[in-house]
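Here the structure comes first, spelled out in structure tokens, and everything after it is commentary.
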Amino acid sequence: MTDYLKFYINGQWVDPSQPRTLDVINPATEESCARISMGNKQDVDKAVAAAKAAFPKFSTTTRQERIELLQSIMAVYQKRYAEIAAAITAEMGAPVQLAQRAQAAMGLAHFNTNLEILKTYEFERDKGTTRIVREPVGVCAFITPWNWPINQIACKVAPALAVGCTMVLKPSEVAPINAYLFAEVLHEAGVPAGVFNLVNGDGVDVGSPLSSHPDVDMVSFTGSTRAGILVSKAAADTVKRVALELGGKSANIVLDDADFNKAISSSVMTMMSNSGQSCNAPSRMLVPASRQDEAIAVAKAAAEKVKAGDPNAEGTVIGPVVSEVQFNKIQGLIQKGIEEGATLVAGGLGRPEGLNKGYYVRPTVFANVTNDMTIAREEIFGPVLAILPYKDEEDAIRIANDTVYGLSGYVQSGSVERARQVASRLRTGNVHLNGAGPDLNAPFGGYKQSGNGREWGEFGFEEFLEVKAVLGYNPA
């Protein structure tokens, strides 16, 4: 077990204002794999003060200076890549291949994407006699989750650094080791003192003081809708910018002209990936009622191929869910699905066979689900798929939009034009057509209670910019 008991403030590793520790639990073993310190308002105040003091100088650095800084970060990150991936496996249970090829990879990818944007981005342009200037928003507070930890850190930190902001990060206390390693990367890469600061802690003692801090100009939060509401309320008194990436209950519409074997089997694998712990997971599969039996057979066969087990073992498809709290929540929702009359097609309650320790959930599929059932309304955040029958295309669109969420959507069709038409009617920030994967240059974010603002690519880059109009800049 390793201790990570210091915070990174003003370019130095410092002791917390009060000693208080938390064990980081490896979800595969249910044993402690590290210890961190838990911060409080005093630690937040120190970190924000450091970021505020660093802002005037860092915000006026040149484009070339920031290009070189991002390049340096990427070079050091690459050296620590394997270590970061291993930390993610240990602290949140991602299988080794997923941690290496996706989890850790996304951190590097966001820096590369923002580097390319920075090289050519037009920070100033003229419109008649007025010059339009885009300037860094200021001191940013970042509160990030445990499910894709380095991804969510990098998609905030990379654009913020690229445009000249300073920042304080509070990573999830459930999976904080990768953030600690990331801070070491930034330090070695030469990020100036005070530009990036790290304080570990929980939402009450660190998240809330950060969100409400009068010297924080923007707070960017990724997590549950419930917590996002609290962040917004805490930020309201100081009228700071708030960007939220929250929950989802994404519909996956399989139209009657789709290749059912391909569409359904691949969708099950997408849903189960990362143990279902993705906010944009296609957790509601909508299929024609007349072909639900066919869909059930394909989904059942696909789910039974999803091997849950030791994340370090070869052949493991999904590891454990992140914590006992999450495990118990998911078990309760599976029980609710059974009680409310959904048909259990695969999986169910308890751990997979042969696993007596660790927070492992059986890859589970329900069918004959109606959209008023709990498992169709609530974000489960586990490997649990709900299959809902629909009468016709209009009914499918109605069901898909009948949710408080609007993060992502999926459409499967033999005709891309038909898929496009359905996509145009979905009230979601993303729509994936025929199994399309993520696009780092496309905006990521949602409608309704899935949040506001956008991350990734140029849209995410611009979240960290204020717009200034200098009138009379070009006299007529």
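The values are calculated or read from the model by the stated rules, or taken from the named source; none is laboratory data. Fair warning: this is a prediction, and the values are worked out from it, not measured in the lab. Counting neighbours? That spans all protein chains shown, and the Cβs are built from the backbone with ideal geometry, glycine included.
So here's what we get for this one:
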read-out: Tally, over the range 444-473, of residues that are more than 13 Å from the chain's Cα centre (by Cα) and part of a loop (DSSP other than H, G, I, E, B); value: 7
read-out: So Ser211, is it polar (S, T, N, Q) and assigned to a helix (DSSP H, G or I); value: yes
read-out: Every pair of residues 6+ apart whose Cβ atoms lie under 8 Å, when the first sits in the range 299-322 and is without any contact (Cβ under 8 Å) to a residue 60 or more places away in the chain and surrounded by fewer than 24 Cβ atoms within 10 Å (Cβ to Cβ) while the second is in a loop (DSSP other than H, G, I, E, B) and among the hydroxyl-bearing types (Ser, Thr, Tyr); value: Lys307/Thr316; Gly309/Thr316; Gly309/Tyr360
read-out: Which listed residue is closer than 16 Å to Ser278 by Cβ and in contact (Cβ under 8 Å) with a residue 60 or more places away in the chain, from Tyr390, Tyr405; value: Tyr405
read-out: Qualifying residue in the range 330-344 (condition: of a type in the set (Ser, Thr, Tyr), in contact (Cβ under 8 Å) with a residue 12 or more places away in the chain and not in a strand (DSSP E or B)); value: no
read-out: Positions within the range 6-25 being surrounded by fewer than 16 Cβ atoms within 10 Å (Cβ to Cβ) and either among the basic types (Lys, Arg) or not assigned by TED's automatic domain parsing to the domain that holds Ala49 (or both), in sequence order; value: Arg20
read-out: Single residue of Ala94, Ala50, Ala90 found to be among the aliphatic types (A, V, I, L, M), outside any helix (DSSP H, G or I) and either under 26 Å from Ala189 (Cα atoms) or in contact (Cβ under 8 Å) with a residue 40 or more places away in the chain (or both); value: Ala94
read-out: Subset tally (residues that are under 13 Å from Ala243 (Cβ atoms) and surrounded by fewer than 10 Cβ atoms within 10 Å (Cβ to Cβ)) for the range 461-476; value: 0
read-out: Qualifying residue in the range 227-245 (condition: of a type in the set (Asp, Glu), in the same structural domain as Lys170 (by TED's automatic domain parsing) and part of a helix (DSSP H, G or I)); value: no
read-out: Residue check for Leu169: over 30 Å from Asn434 (Cβ atoms) and part of a helix (DSSP H, G or I); value: no
read-out: Those residues of the range 128-186 which are more than 16 Å from Ala90 (Cβ to Cβ), among the polar types (S, T, N, Q) and in contact (Cβ under 8 Å) with a residue 60 or more places away in the chain, in sequence order; value: Thr129, Thr130, Thr144, Gln152, Thr166
